[in-house]
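Structure first, then comments.
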Amino acid sequence: MTESISMELTGFFSTYILLLIVGAVFKYCGIDQTKYLIFGSIQMSVQLIIAGYVLLYIFQSPSPIFTLAYLTLMIGFAIYRTLNRSPWLNRRFQWIVGFAVFLTCVLISAFMLLVVIRKDALVPQYVIPITGMLVSATMNGATLALKAFKEALDSNRHQIEVLLNIGAHPRKILHPFINQSLETAFLPTMNSMVGMGITALPGMMTGQILAGALPNEAVLYQSTIMIANCSCVCLASFGLLYFGSRTLYNKRKQINTL
């Protein structure tokens, strides 16, 4: 099998030529996002470089304390980003979102490590990359679910008010919007699963192949990760929508967000 690919700095910086092309397209089309594109790309690179050196230290000096601290930072940042994109949430709803994201990521990651891969849950080489992929998928799914739910409430405001006036229970009113929002959050993950192996070789599989792993071994890991991603998105989105929606109405059956 071929050896892993080691990228040189000149090759790394050459990829920014592609950003210049994207920036030129933005300018030609009158899209005022060039600065955001450049600064976002620089921020991404700096964050990844810092993360790379931090992970190098953790891998070379494995410690449960450092591993748990890094995992806590990842999950905490994901919760923060999810809540930051949904400023309309009340305090109880925010706690439910945070708990749903945290619990789902922890449980699915533990299942992947202890049952599927059968490795020590605190070995940084395994737990950090796997948890990172699951946390990213969960954050994106939760953000989409909350965004779709809020848009459904706003666009159906009049219908909700009519149903409340005729005595319908808020839980029954909100139930169809929960289902619709859950489907919206789940759709990108489902599309990725359906097209995988035909339209694209996914990131983890590509990384393993570049690192020298056999393709037939890489597909096993990628399949398990995608199923785990799917489970995280579904469980976290369902939990935060189902329980969080109950904080939107009071005992007098009034929906507070309207």
Discussion item. Could you check the stretch 107-144 and list, in sequence order, the residues that are of a type in the set (S, T, N, Q) and farther than 17 Å from Met226 by Cβ?
Written reply: Gln125, Thr143
Discussion item. Restricting to the stretch 34-64, name every residue that is polar (S, T, N, Q) and either in contact with a Pro (Cβ under 9 Å, 6 or more places away or on another chain) or surrounded by 12 or more Cβ atoms within 10 Å (Cβ to Cβ) (or both).
Written reply: Thr34, Ser41, Ser45, Ser63
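Report yes if Ser155 is in contact with a strand residue (DSSP E or B) (Cβ under 9 Å, 6 or more places away or on another chain) and within 26 Å of Arg85 (Cβ to Cβ), otherwise no. Reasoning before the result, please.
On the way: in contact with a strand residue (DSSP E or B) (Cβ under 9 Å, 6 or more places away or on another chain): no; within 26 Å of Arg85 (Cβ to Cβ): yes.
So Ser155 fails the test.
Could you go through the stretch 33-50 and let me know if any residue there is under 27 Å from the mean Cα position of the chain (by Cα), farther than 27 Å from Leu73 by Cα and charged (D, E, K, R).
Quick first cut of the stretch 33-50, residues under 27 Å from the mean Cα position of the chain (by Cα) only: 33-50.
Of the ones still in play, those that are also farther than 27 Å from Leu73 by Cα are 33-35.
From what is left, the residues that are charged (D, E, K, R) are 35.
Scanning the stretch 33-50 turns up at least one residue that is under 27 Å from the mean Cα position of the chain (by Cα), farther than 27 Å from Leu73 by Cα and charged (D, E, K, R).
Any idea which residue in the stretch 65-98 is surrounded by the fewest Cβ atoms within 10 Å (Cβ to Cβ), counting only those that are of a type in the set (Phe, Trp, Tyr) and in contact (Cβ under 8 Å) with a residue 60 or more places away in the chain? Explain how you work it out, then say what you get.
If we filter the stretch 65-98 for residues that are of a type in the set (Phe, Trp, Tyr), which is where we start, we get 66, 70, 77, 80, 88, 93, 95.
Right, trim to in contact (Cβ under 8 Å) with a residue 60 or more places away in the chain and you get 88, 93.
Numbers: Trp88: 11, Phe93: 22.
Looking at the filtered set, the residue picked out is Trp88.
Conditions tested, residue by residue: (1) without any contact (Cβ under 8 Å) to a residue 40 or more places away in the chain; (2) in contact with a helix residue (DSSP H, G or I) (Cβ under 9 Å, 6 or more places away or on another chain).
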{"position": "Cys105", "(1), (2)": "no, yes"}
{"position": "Arg118", "(1), (2)": "yes, no"}
{"position": "Ala121", "(1), (2)": "yes, yes"}
{"position": "Tyr126", "(1), (2)": "yes, yes"}
{"position": "Ala148", "(1), (2)": "yes, yes"}
{"position": "Asp154", "(1), (2)": "yes, no"}
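Bear in mind that the values in this text are calculations on the coordinates, not laboratory data. Since the structure is predicted, the reported quantities are computational estimates derived from the model, not experimental observations. Counting neighbours? That spans all protein chains shown, and the Cβs are built from the backbone with ideal geometry, glycine included.
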